[in-house]
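The values are calculated or read from the model by the stated rules, or taken from the named source; none is laboratory data. Keep in mind that what you see is a predicted model, and the values were worked out from it rather than measured. Reconstructed Cβ throughout: ideal geometry from the backbone, glycine too, with neighbour counts over all protein chains shown. Remember, those area values only see protein heavy atoms, side chains included, never the ligands or the DNA or RNA. Shrake-Rupley method; radii C 1.70, N 1.55, O 1.52, S 1.80 Å.
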Number of protein chains: 2
Amino acid sequence: MAKPADQHDQLIEAQDRFIASWGQMAGAWGISRTMAEAHALLYITGRPMNTDEIMDRLQISRGNASMSIRALLDWGIISRTHKRGDRKEYFEADQDVWSMFRSIVRERIKREVEPLLATLYEIRDASPAPDDATGQAQKELLANQKRLEEMLSFLKVMEKLSQRFVSPSGSGLELAAKLLTKLDK
Amino acid sequence: MAKPADQHDQLIEAQDRFIASWGQMAGAWGISRTMAEAHALLYITGRPMNTDEIMDRLQISRGNASMSIRALLDWGIISRTHKRGDRKEYFEADQDVWSMFRSIVRERIKREVEPLLATLYEIRDASPAPDDATGQAQKELLANQKRLEEMLSFLKVMEKLSQRFVSPSGSGLELAAKLLTKLDK
DNA sequence: CGTTTCTTTCAGAAATTTTTGAAATCGATG
DNA sequence: CATCGATTTCAAAAATTTCTGAAAGAAACG
């Protein structure tokens with residue numbers, strides 16, 4: 001029969017494994033490992049923690065903790081809270097995975113897709129009108145422009161699709177289920 | 001009036017800018033900058049190139065070129081070709097942005113989501129049955145399991161949704177357009 | 001075969017990213 | 001407004017990723 005201490009140890013161990021595997025995903029989400037781990041910690045424990053608790057649990061420096069927490073706040077996937085009679089700031093993760101996912105997608109569109117789109121528009125608009133060229137040069141120019149246009153329309157559709165998907169109305173899970181059904185038709 | 005040489009220079013310049021901005025997205029896609037640039041080069045020029053041409057154009061070493069090309073082949077977004085009377089291998093990018101996107105999503109699910117899912121299942125199944133605990137310890141265990149389940153169901157839905165979206169039937173653009181319409185209903 | 005041409009590998013170098021920790025800043029409190 | 005705890009900043013260090021180039025390996029040719 002398991003003693004309470006054993007169970008607690010097992011809980012901590014399971015949490016640590018969760019945190020570690022979440023941390024490994026960090027690269028995929030374009031954030032640092034520590035940032036992902038801090039988020040995983042707040043998510044899986046489900047309770048507000050202050051900087052020192054996070055530092056201790058993840059074995060990281062104060063500076064690193066501060067930076068990572070700040071970044072998570074910027075991404076909008078954790079928020080500040082306070083405890084009565086305690087000067088420290090506490091942080092808690094969004095407990096709804098779907099709204100967390102939305103924040104991440106929204107942020108990534110803003111940081112990655114939008115700048116790329118802007119640059120591609122610029123390139124397109126700066127490119128010479130091919131009317132006055134003939135032969136090979138003209139052919140190449142036209143082919144290039146075609147590919148640029150294709151990429152632009154791809155990115156625009158993706159952006160719109162993501163924004164639609166990510167719009168805050170309704171539960172993400174419901175929407176996803178609806179989508180899965182509709183895709184079959 | 002523009003001379004052919006000018007136009008050619010402008011073409012090269014526009015291509016280089018495309019390559020550079022594509023390269024900046026590399027991090028976002030979980031690949032190295034060179035890998036993204038090599039892909040951009042093959043995509044925007046639209047013609048097969050051999051290793052030396054890629055090396056020269058991107059100013060990278062032979063080793064780097066070889067590795068990057070190999071990785072792109074592994075991802076399935078470029079393919080080998082050959083020229084008659086030429087021993088060298090030539091490489092060309094998938095010219096359909098949507099099918100390229102599909103390959104990337106498919107690969108990332110395989111590399112990132114699936115291993116994470118496997119680990120999370122493992123964690124769940126290894127966690128102790130909470131029946132024999134009481135009070136605080138039990139509460140925490142249950143709360144943890146709930147969050148783990150939520151994350152699991154989220155990942156499973158995402159995986160399914162992506163696979164659906166990414167299935168090779170029909171044009172991606174059409175599908176996306178259809179989706180956008182249907183989402184409105 | 002032996003030679004030549006092309007491709008891959010991989011140990012070390014270079015570049016980049018992440019983390020640390022101490023100092024500076026902030027801000028609540030008496 | 002001086003103090004003290006909490007937080008942020010940032011230059012330097014550490015860790016990680018990427019790149020190079022020379023050497024080894026394959027494959028095509030005569």
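Please turn the phi angles of the range A:140-152 into ³J(HN,Hα) values with the Karplus equation 6.51 cos²θ - 1.76 cosθ + 1.60 (θ = phi - 60°), one per residue in order, whole Hz, x for glycine and proline.
Working through the residues one at a time gives 4, 4, 5, 4, 4, 4, 4, 5, 4, 4, 4, 5, 4 Hz.
Taking the Cβ of B:Glu159 as the centre, find all other residues whose Cβ is under 14 Å away and add up their charges (Lys, Arg: +1; Asp, Glu: -1).
Residues near B:Glu159 contribute +4 overall.
Just to compare against my own numbers: the Cα pair-distance distribution for the protein assembly as shown, 10 Å bins, whole % per bin, please.
4, 20, 26, 23, 15, 8, 3, 1, 0
Just add up the charged neighbours of B:Arg87: K/R +1, D/E -1, any other residue whose Cβ is under 15 Å from the Cβ of B:Arg87.
0
To test your reading of the geometry: what angle, between 0 and 90 degrees and rounded to tens, separates the Cα axis of helix A:172-184 from the longest principal axis of chain A?
Between the helix axis and the principal axis of chain A, the angle is about 40 degrees.
Place the label 7 angstrom along Cα→C-beta at B:Glu13 and in each other copy, then list the distances from the first to the rest in nm, shortest first.
6.4
How big is the charge dipole of the protein assembly as shown about its Cα centre, in debye rounded to the nearest 20, if each Lys and Arg gets +1 on its Cβ and each Asp and Glu gets -1 on its Cβ?
About 560 debye.
In square nanometres and to one decimal, what's the mean projected area of the convex hull around the Cα atoms of the range A:4-93?
It is 6.1 nm².
Quote the charge dipole size of the range B:4-93 about the Cα centre in Debye, to the nearest 20; the model charges only the Cβ of Lys and Arg (+1) and of Asp and Glu (-1).
It comes to approximately 400 debye.
Put a label point 7 Å from Cα along the Cβ direction on B:Thr181, then list its distances to the equivalent points in the other copies in nm, shortest first.
Distances between equivalent label points, in nm: 2.0.
Let's see if you can work this out: charge +1 on each Lys and Arg Cβ, -1 on each Asp and Glu Cβ, no other charges. What is the dipole magnitude of chain A about its Cα centre, in debye to the nearest 20?
Roughly 400 debye for chain A.
What are the principal axis extents of the Cα atoms in chain A, in Å, biggest first?
Sorted from largest, the Cα extents of chain A read 83, 46, 32 Å.
Taking a label point 7 Å from Cα toward Cβ, how far is A:Arg70 from its twins in the other copies, in nm, shortest first?
So the label point of A:Arg70 gives 4.1 nm to the other copies.
What net charge is computed for the residues neighbouring A:Asp96, neighbours being all others with C-beta under 11 Å from the C-beta of A:Asp96, Lys and Arg scored +1, Asp and Glu -1?
0
Could you compute how much accessible area chains A and B hide from each other, both sides summed, with a 1.4 Å probe? Nearest 100 Å² is fine.
Protein heavy atoms only, the A-B interface buries about 5900 Å².
Take the residue pairs A:Lys110/B:Lys156; A:Lys139/B:Lys88; A:Lys88/B:Lys156; A:Lys110/B:Lys139 and return only those whose Cα atoms are more than 29 Å apart.
Long pairs (Cα-Cα over 29 Å): A:Lys88/B:Lys156; A:Lys110/B:Lys139.
Farthest toward the dipole's positive end in the range A:16-139, which of A:Pro128, A:Ala65, A:Thr45, given Cβ charges of +1 (Lys, Arg) and -1 (Asp, Glu) about the Cα centre?
Of the listed residues, the answer is A:Thr45.
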